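Shown next, in structure tokens, is the structure this report addresses.
The values are calculated or read from the model by the stated rules, or taken from the named source; none is laboratory data. Computed from a prediction, not measured in an experiment: that's the story for all the values here. Counting neighbours? That spans all protein chains shown, and the Cβs are built from the backbone with ideal geometry, glycine included. Heads up: the accessible areas ignore ligands, DNA and RNA and are worked out on the full protein's heavy atoms, side chains in. Shrake-Rupley method; radii C 1.70, N 1.55, O 1.52, S 1.80 Å.
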Amino acid sequence: MTAGIVQTGSEERPGDATDERGEGDAGYSQQRWWQLLWSNTKARVGIILLLAFILIATFAPLIAPYEGTRSDFDALLPVSGDHLLGTTSQGADIFSQLVYGSRVSLLVGLFGGLVSTAIALVIGMWSGYKEGTVIDDILSFITNVAIVVPVLPLMIVLIAYSEVRGIPLIVFVIGITSWAGHARAKRSQIITLRNRDFVTAAKFAGEGSGRIIFREIMPSMTSLVAAGFVGASTGAIGAEAGLSFLGLGDPNSISWGTMLYQADSQGAVGQGLWAWVLAPGLILALLITSLTFINFGVDLLSNPHLREDS
Amino acid sequence: MTTTDATTAAATTESVPTSQTLAADTRRNSHPLLRVRDLSVRFEPKMSPALTAVDKVSFDLLEGEFVGLIGESGSGKSTLAMALLSLLERPGRISNGSIEFDGEDIASMSQEDLRHRRWRDIATVFQSSMNSLNPVMRVEAQFRDAIEEHSELRGDAVTERVRELFSMVMIDEKFMSAYPHELSGGMKQRINLALALCNRPRFVLLDEPTTGLDVVVQRSILEAVRRLQKEQGFAVLFISHDIGTVMELSDRIFVMYAGQLVEQQAATTLVKDPLHPYSKGLLGSYSNPRADTVRVTYIPGRPPDLTRPISGCRFAARCPEAIERCSSDEPQLLPLAGGRVACHVAHLQRGPSEDKPDGLPEQTTRFAGPEFVKTAEDSDRARRGEVFLEVDSVTKVFERRRGLRKQQTLAVDDVSFALRKGEVTALVGQSGSGKTTLARMITGVDKPSSGTIRFTGSEGTIAVEKLRTRQLRDYRKHVQMVFQDPYSSLNPALTLRYTLTRPLRNHRGLSAQEADAVAGELMETVALTPSNRFLDRYPHELSGGQRQRVVIARALAANPELIVADEPISSLDVSIRAEVLELLQELVTGHDIGVLYITHDLLSARLLADEILVLSQGRVVEQGNALEVIRNPQDAYTRTLLDAIPNPFEQATTTS
Ligand SMILES: Nc1ncnc2c1ncn2[C@@H]1O[C@H](COP(=O)(O)OP(=O)(O)O)[C@@H](O)[C@H]1O
Ligand code: SF4
Ligand SMILES: [Mg+2]
């Protein structure tokens, strides 16, 4: 009643029974999602940052002055033209390590995110679609167990007992330990979609459950799936850094987590070697921030009410 | 309101111009309450092309006048309403023109000013109002807020006023202390109406206030509106796509098409002698279901895309009367026969004969376009095909847990009937009468609580209530469904090709190539030609009528013996409903398919069905030959449904 009008309507634009769901909505998700994403300032910053990281990772040999694994410099050299951020106590160039480290983070983010999202989708969607059946009971039980099991100890145990250390192992462990929360979200999302008329129509067309879930329903959830994936990637990147910091990373490659691990174990803080400690931490925070910003934009796609435009 | 009431109402209200002179007089003498000139509204969204949704609209609304605004959805009715209320939101804005309320220009007034002016003189109820009552506040408190903000009334005086308002809209006082969720949709809309009237407005704008409610409930609300309007003398602008009701209630009608007013006319005149071909088209979708021969017309095609420049008449592409001039000159809204109309042909036909160009179409009051006809013989023909679906004593009880208590709803109560091959049976009833529940049980989506459903098809007899998931898939080779809402029953993310080929591959076992070819044939069957232009489109690229055709094509893909059509036209604009009915009719005659047609609308039941079953509160209250049931309804409930059908023509005949 802001305008002093006796207006008994809601904030929505009034519409006919037919015209609300009109031409626009579907068009948005099909043609203009990238425009929408780009129109959001946060998302734009996030995307530019992420692109920068990807460029750095791809062209690491061109950008970094030395091999990331090279450690035959003098230990603890100060910041200089030859060593932009100085060297570590093992004689490695910190700047080069930082550049090469982006490769591990991005790879783990990509594949960890993919594995976790794939598991979450299959389990969450299937159980939501079959809500109220035995299948759902079983899958929900597994999901709930996976949610209550403390993740970090589980990861540590899994890695500790495995014979080979390496990025694939880390991806695998992150994937199978971090899907549960997303699976539960997908389950509740599909429950709201599975009674749509077009789903019933697909049943009448003789479609099986798998096709209905992944061909009919999932496209309507693209932005939710994308948000889940970005979230899972962010988590995976953090988890890799955490595991490496605990010394469980791949001993043969350089990641920001292992840099932190080394800095910590050499007592870098005590010696006031700030570049060594801060650089990997800050850059990790920057990558995670960029992904979080992108997720703001992805949220806009799935929730039209957040759009700046309308 | 009975038809006679409506007639008297129309006759007694002063502002009805019954002839040209009177109209002119009224206009000169009383200065209009609302004076709109050259009003345009533009939407300029960031992401999509800009469009002019309301284009140079001018009209006057007199004190105490009841004016109806009709037009297909998307024609700009709601946008015009929002502009009048100064409630347009970004990206929409008034780009041109003026709105004067009681002599003051309100289009250029700031929101702040508006608040301080007498804007409480204007009130509104629209469709979404249904959900706009504050859920955590008792109804009385919401009235109190509204009343105290705008008047001097306090304390008991307010309570007294609320009581009065409640009795005005015929709601029991005891609901004053209710919370909104305790009220039905119809009651909420009545309360919204009362709330709108609480400060004695001079102008009430109603935008689809009853759409989505039950026909019988709609009827009673609108009767209340009309009665209160007569008693209190406020002016009303009533927007609805239910043209029949608008015609019955209004003194004067504005017809809107593609953002422009194309005709302004007294309701009684418009019914008898519509001038604009579009008005004729809209009116053509109504007919008296009791008549021997029922004819309804429909307007082919769809409204123009407003984001592109249009030259000439905007209706030209769909107009059966169009002449050469129509595609180049834009017709102006000029006075004619007591009203105003924007149509070259209408003006020429009634103008001096020496102006008439060759090839000017004959003057007609009917839409000269496509038509769907049903005669009494058609209805009698009622072919006694063999029974192929038997519903026997079917009952469905829904159980819902509410805390510790179990709540039971009896949705379908001991229903029995049979469907015959090549015959259309209409299942008629209010919403909530159990129609959809029955449809879901017949198609195997739900299981009955008791009773049996037997389907006898090409593969022997099937006990439908016992089918399991896998067998259900086979059953759907025989039984298909057409859904109510073509906007939600087609997957927005998939092409029509995908949607159509899937049932062909699943049910008929065709290869991808074969399915593709047959999908093309199906599109041709439902008259979406050339099919290859349509197959790769997405649903949002089609109009409502076209979408419903696709839904029907998909149902046909399995070569079914029975199609269950659940309100297949109720979400479509009236102007295109007959088009879909005609298609269904062709299927029955051409493919020998049995159809169970579910509807709340007896006119469409008459047009399509051979037999009618009337369902009320889960029980069959009446059953028989379609024409018979409509002409001699035995049950009181059937009569109520019949009375709820608006019939502007009947009113016109009684008046003359
Ligand atoms: N917020 C909006 N942004 C862009 N276009 C809009 C918006 N609201 C309505 N329109 C367009 O304006 C035109 C008129 O719509 P509307 O006023 O809702 O018509 P009606 O009420 O007659 O159905 C349509 O073409 C519609 O798509
Ligand atoms: S101006 Fe021409 S095209 Fe337009 S409505 Fe009249 S006859 Fe039809
Ligand atoms: Mg509208």
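The label point for B:Ser327 and the one for B:Ser311, both projected 7 Å from the Cα toward the Cβ, are 1.1 nm apart. Counting only Cβ charges, +1 for Lys and Arg and -1 for Asp and Glu, the dipole size of chain A around its Cα centre is about 420 debye. Per residue, the convex hull spanned by the alpha carbons of chain B comes to 180 Å³.
Our note on the geometry: Cα centres of the range B:275-320 and the range B:483-545, 27 Å apart.
Which shape class, rounded, prolate or oblate, goes with the range B:473-514 when its Cα gyration tensor gives a ≥ b ≥ c as root eigenvalues, a/c under 1.5 marks rounded, and past that a/b bigger than b/c marks prolate? In terms of gyration-tensor shape, oblate.
Legend: translational diffusion of the protein assembly as shown by Stokes-Einstein, Rh = Kirkwood radius over C-alpha pairs, 4 °C, 1.567 mPa s; D = 40 µm²/s.
Neighbouring Cβ atoms from other chains, within 10 Å of the Cβ of residues in B:536-542, number 3 on average.
Using just its DSSP H runs of length 4 or more, each adding -39500 (n - 2.57), chain B gives a mean residue ellipticity at 222 nm of -10500 deg cm²/dmol after division by all residues.
Look at the stretch B:544-556: the mean tally of other chain Cβ atoms within 10 Å of its residues' Cβ atoms is 1.
Counted over all Cα-Cα pairs of chain A, pairs farther apart than 31 Å make up 45 percent. Placing unit charges on the Cβ atoms only, positive for Lys and Arg and negative for Asp and Glu, gives the range B:353-478 a dipole magnitude near 1400 debye about its Cα centre.
A full extension of the chain between B:Ser58 and B:Lys46 corresponds to an added length of 1.5 nm, given 0.36 nm per residue minus the alpha carbon distance. Using a 1.4 Å probe over protein heavy atoms, the accessible area lost on pairing A with B, summed over both chains, comes to approximately 5000 Å².
For a 24 Å ceiling on Cα separation, which of these pairs sit above it: B:Lys447/B:Lys477; A:Lys130/B:Lys435; A:Lys130/B:Lys421; B:Lys272/B:Lys374; B:Lys56/B:Lys230; A:Lys186/B:Lys435? Correct reply: A:Lys130/B:Lys435; A:Lys130/B:Lys421; B:Lys56/B:Lys230; A:Lys186/B:Lys435. Cα extents for the range B:314-445 along the principal axes, largest to smallest and rounded to whole angstrom: 78, 47, 26. Taken along the Cα-to-beta-carbon direction at a fixed 7 Å, the label points for B:His31 and B:Asn134 span 3.8 nm. Calculated over the range A:202-281, the projected area of the Cα convex hull averaged across directions stands at 7.7 nm². What the Cβ-Cβ distance of B:Lys272 and B:Asp105 gives, at R0 = 35 Å and to the nearest 0.05, is a FRET efficiency of 0.40. Less than 5 angstrom separates the built amide H of B:Ser58 from those of B:Asp38, B:Leu39, B:Leu261, all sequence-distant by 5 or more or on a different chain. If you take the alpha carbon atoms of the range B:406-445 and fit the smallest convex hull around them, that volume is 91 Å³ per residue. Does the range B:165-226 classify as rounded, prolate or oblate by the C-alpha gyration tensor (a ≥ b ≥ c root eigenvalues; a/c under 1.5 gives rounded; else a/b over b/c gives prolate, otherwise oblate)? Taking the square roots of the gyration eigenvalues as a ≥ b ≥ c, the range B:165-226 is oblate.
Near B:Val621, the amide H atoms lying under 5 Å from its own belong to B:Val614, B:Leu615, B:Ser616; only residues 5 or more places off or on other chains count, and H is placed 1.01 Å from N. Dipole magnitude for chain B: about 1840 debye, using +1 per Lys or Arg Cβ and -1 per Asp or Glu Cβ, origin at the Cα centre. If R0 is 30 Å, the Cβ-Cβ spacing of A:Thr289 and A:Ala160 corresponds to a FRET efficiency of close to 0.45.
If you plug the beta carbon distance of B:Asp413 and A:Arg211 into 1/(1 + (r/R0)^6) with R0 = 45 Å, you get a FRET efficiency near 0.75. Are there DSSP H segments in chain A that both extend 24 Å or more along their axis (alpha-carbon positions) and score a mean Kyte-Doolittle hydropathy of at least 0.0? List them, or say none. In chain A, the long hydrophobic H runs are A:41-58, A:94-129, A:222-245, A:274-302. For B:Gly259, neighbours were defined as the other residues whose beta-carbon sits under 11 Å from its Cβ, and their charges (Lys and Arg +1, Asp and Glu -1) total +3.
For B:Met481, the residues 5 or more places off, or on other chains, whose built amide H falls under 5 Å of its own are B:Val564. Here the protein assembly as shown has 53 percent of its accessible surface on carbon and sulfur atoms, given a 1.4 Å probe and all protein chains in place. For the range B:236-246, 3J(HN,Hα) computed residue by residue from phi via the Karplus equation (6.51, -1.76, 1.60; θ = phi - 60°) reads 10, 10, 10, 9, 7, 8, 7, 4, x, 5, 4 Hz, glycine and proline entered as x. So if each residue of separation counts as 0.36 nm, and I subtract the Cα-Cα distance between A:Phe59 and A:Ala75, what length gain in nm does that give? Here the segment from A:Phe59 to A:Ala75 would lengthen by 3.1 nm.
On the principal axes of its alpha-carbon atoms, the range B:377-503 has extents of 51, 42, 32 Å, going from largest to smallest. For the segment A:205-212, counting C-beta atoms of other chains within 10 Å of every residue's C-beta and taking the mean gives 5. In chain A, the DSSP-assigned H stretches of four residues or longer account for a calculated mean residue ellipticity at 222 nm of -20500 deg cm²/dmol, using -39500 (n - 2.57) per stretch and the full residue count as denominator. For the range B:178-188, the Karplus equation 6.51 cos²θ - 1.76 cosθ + 1.60, evaluated at θ = phi - 60°, returns couplings of 7, 8, x, 5, 7, 9, 7, x, x, 5, 4 Hz by residue, with Gly and Pro reported as x. Applying the criteria of a DSSP loop state and at most 11 other Cβ atoms within 10 Å to the trypsin sites (Lys or Arg not before Pro) of the range B:454-563 yields B:Arg468.
A simple spin-label model places the labels of B:Asp172 and A:Asp264 7.0 nm from each other, with each point 7 Å out along Cα-to-Cβ. Gyration tensor analysis over the Cα atoms of the range B:294-374 returns equivalent ellipsoid semi-axes of 21, 19, 12 Å (largest first, whole Å).
Look at the Cα gyration tensor of the range B:101-223: its axes a ≥ b ≥ c give a/c of at least 1.5 with a/b at or below b/c, and that counts as oblate. Loop-located GluC sites (Glu not before Pro) in the range B:152-189 (DSSP state not H, G, I, E or B) with no more than 12 neighbouring Cβ atoms inside 10 Å: B:Glu152.
For the range B:294-374, averaging the sequence separation of C-alpha pairs within contact (under 8 Å, six or more residues apart) and dividing by the residue count gives a relative contact order of 38 percent. Counting only Cα atoms, the range B:524-586 measures 29, 27, 17 Å along its principal axes, largest extent leading. For the range B:345-370 and the range B:36-85, write down the distance between their C-alpha centroids in whole Å. Using only Cα atoms, the two centres lie 29 Å from each other. Any chance you could give the angle, 0 to 90 degrees and rounded to 10, that helix B:139-150 forms with the longest Cα principal axis of chain B? Once rounded, the angle reads 20 degrees.
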